[in-house]
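Below is one structure, written out as structure tokens; comments come after it.
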Amino acid sequence: MSDTTKRERVLTGDTPTGRLHLGHWVGSLENRVNMQDEYECYFLLANMHAFTTRAEQPAEIRQDTIEIVKDWLAAGIDPERSCVVLQTEVPAISEMTWFFAMLTGYGRLMRNPTIKTEIEVKGLGDSYSFGFLMYAVGQIADILAFTPKYIPVGEDQIPHIELCREAARRFNQIYCGVDPKTEDADYVEAGAVFPIPEAMVGRVSRLIGTDGVNKMSKSLNNSIFLSDTPKQVQKKVNKIFTGRQTPTEPGDTSNALFQFVDAFMDDADRVAELKARYETGDNIGDGEVKQELGAAINAMLDPMRERRAKYDAPGGDDLVIDIIRDGTKRANETAEETLWRAKEAMGLDFYRRTLG
Ligand code: TRP
């Protein structure tokens, strides 16, 4: 932070709903950790969004919020370099949500496939709240308040990012006089307040679960969590379903087990060797592959376990809250500045405020 060169920004967030798993890691978290070297990063705790489907569970949401920060810190998010941001303490986000609500069509929102899937999967029927729909507009403000270049997210978030890009273009066209024919990359040069941000998806966009059928998902009981113990990890790996019966049966290296091998074993020569033997049924049992895979995953998780320890120890929650306070303070400086520039564009710049 002491460097004077201005770095481009990255913003992303998670709704605190429970522990993070390997699917989150390869889908986005790993990208986020790596981007900290090069970018000014903002990692948002979307705790307001958690209320949009669980309004009656404030205590759980509070706990989940603390826990997800521990997952982030364990994974390698560095609070010295990056801001951990608490959504409910960034007033500019709430205010900008209004601005973008006016620029987002209701019908357009309802056609958002992520919203549709969520209504289905969570069994919301037609009883979802107004706030539930609002979260997709809120997410536009979450992002644009920080004028990021990139948004590292899982593949399921792409429709939301697309809504955000549309709203940004619209704002810039209406309030900053940017010609609608302008290329996305040229918006800022054309006078835009909001650069058009881009999603960035991780190296494995849909990690399979240990059931060998569905995408890894907390609610399907097929997840390996970043916070699992070495024993739990090996036990879950041992359960990965392949349907193969004997070590001499020619195996399919596109099965679930080898999807994990491809995602988590970095020794390319060893992987090639395992695959060759597996495909020909060269006396190699699933169990043997699973031992190596379990060891590789545990080797990856070990440094996370080490980093997590101090936050799990007594007083750990207070450390987390200090990190949130500090990151959110810095984030508010950025977001207030963006809000002011948006207000200037909208003719709402009657006078400049300062928050206490
Ligand atoms: N909707 C995202 C999720 O459920 C979380 C989120 C909130 C987010 N605000 C964001 C992601 C801004 C990226 C950018 O995972």
* Structure fact -> On the accessible surface of region 204-356, probed at 1.4 Å with all protein chains in place, carbon and sulfur together account for a percent value of 51
* Structure fact -> Scoring only Lys, Arg, Asp and Glu (+1, +1, -1, -1) among other residues with Cβ under 15 Å from the Cβ of L133 yields +1
* **For peptides 121-127, 310-316, 191-197, 276-282, sequence by mean Cβ density within 10 Å, most packed first** => 191-197, 276-282, 310-316, 121-127
* Placing +1 at every Lys and Arg Cβ and -1 at every Asp and Glu Cβ, with all other atoms neutral, what dipole size does region 11-81 have around its Cα centre, in debye to the nearest 20? -> 220
* Go through region 162-172 residue by residue and turn each phi into a ³J(HN,Hα) via Karplus (6.51, -1.76, 1.60, θ = phi - 60°); whole Hz please, and just put x for glycine and proline. => 5, 4, 5, 5, 5, 5, 5, 4, 4, 4, 4
* Looking at the chain, what % of the alpha carbon pairs are farther apart than 37 Å? -> 26
* FRET efficiency for R203 and R62, Cβ-Cβ distance as r, R0 = 41 Å, nearest 0.05? -> 0.80
* Asked: Among rounded, prolate and oblate, which fits region 1-108 when a ≥ b ≥ c are the square roots of the eigenvalues of its C-alpha gyration tensor, a/c under 1.5 means rounded, and a/b larger than b/c means prolate?
  -> oblate
* Structure fact -> For the chain, percent of DSSP beta bridges that are antiparallel (nearest 5) comes out at 10
* What is the set of long-range amide H partners of H21 at a cut-off below 5 Å, with H atoms built 1.01 Å from backbone N? -> L226
* Structure fact -> Projected onto their principal axes, the Cα atoms of region 183-228 stretch, largest extent first, over whole-Å spans of 51, 21, 17
* What's the lysine pair count for region 173-297 at a Cα cut-off below 27 Å, pairs eight or more apart or interchain? -> 21
* Shape call for region 64-148 from the C-alpha gyration tensor, a ≥ b ≥ c root eigenvalues: rounded (a/c under 1.5), prolate (a/b greater than b/c) or oblate? -> oblate
* Asked: Near A263, within a Cβ-to-Cβ distance under 11 Å, what is the net charge of the other residues, with Lys and Arg +1 and Asp and Glu -1?
  -> -1
* To do: First check a/c for region 258-356, with a ≥ b ≥ c the square roots of the eigenvalues of its C-alpha gyration tensor; if it is under 1.5, answer rounded, and if not, answer prolate when a/b is larger than b/c or oblate otherwise.
  => oblate
* Charge dipole magnitude, Cβ of K and R +1, D and E -1 - region 93-243, Cα centre, debye nearest 20 -> 780
* To do: Just subtract the alpha-carbon distance of Y128 and K239 from 0.36 nm times their residue separation and send over the number in nm, one decimal.
  => 36.3 nm
* **Extension reserve of the A313-A276 stretch, reckoned as 0.36 nm per residue once the Cα distance is removed** => 8.8 nm
* Asked: Once the Cβ-Cβ distance between N221 and V188 is put in as r, and R0 is 51 Å, what FRET efficiency do you end up with, to the nearest 0.05?
  -> 0.65
* Relative counts (whole %) of C-alpha pair distances in region 149-207, using bins that are 10 Å wide -> 24, 45, 22, 8, 0
* Structure fact -> With every protein chain in place, the accessible area of R111 for a 1.4 Å probe, in Å² rounded to the nearest 10, comes to 150
* Find which of T253, P230, G177 sits farthest along the positive direction of the dipole of the chain, computed with +1 on the beta-carbon of Lys and Arg, -1 on that of Asp and Glu, about the Cα centre. => G177
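The values are calculated or read from the model by the stated rules, or taken from the named source; none is laboratory data. Quantities reported herein were computed from a predicted structural model and do not represent experimental measurements. All Cβ positions, even for glycine, are placed from backbone atoms using ideal geometry, and neighbour counts span all protein chains on display. These accessible areas exclude ligands, DNA and RNA; they are computed on the full protein's heavy atoms, side chains included. Shrake-Rupley method; radii C 1.70, N 1.55, O 1.52, S 1.80 Å.
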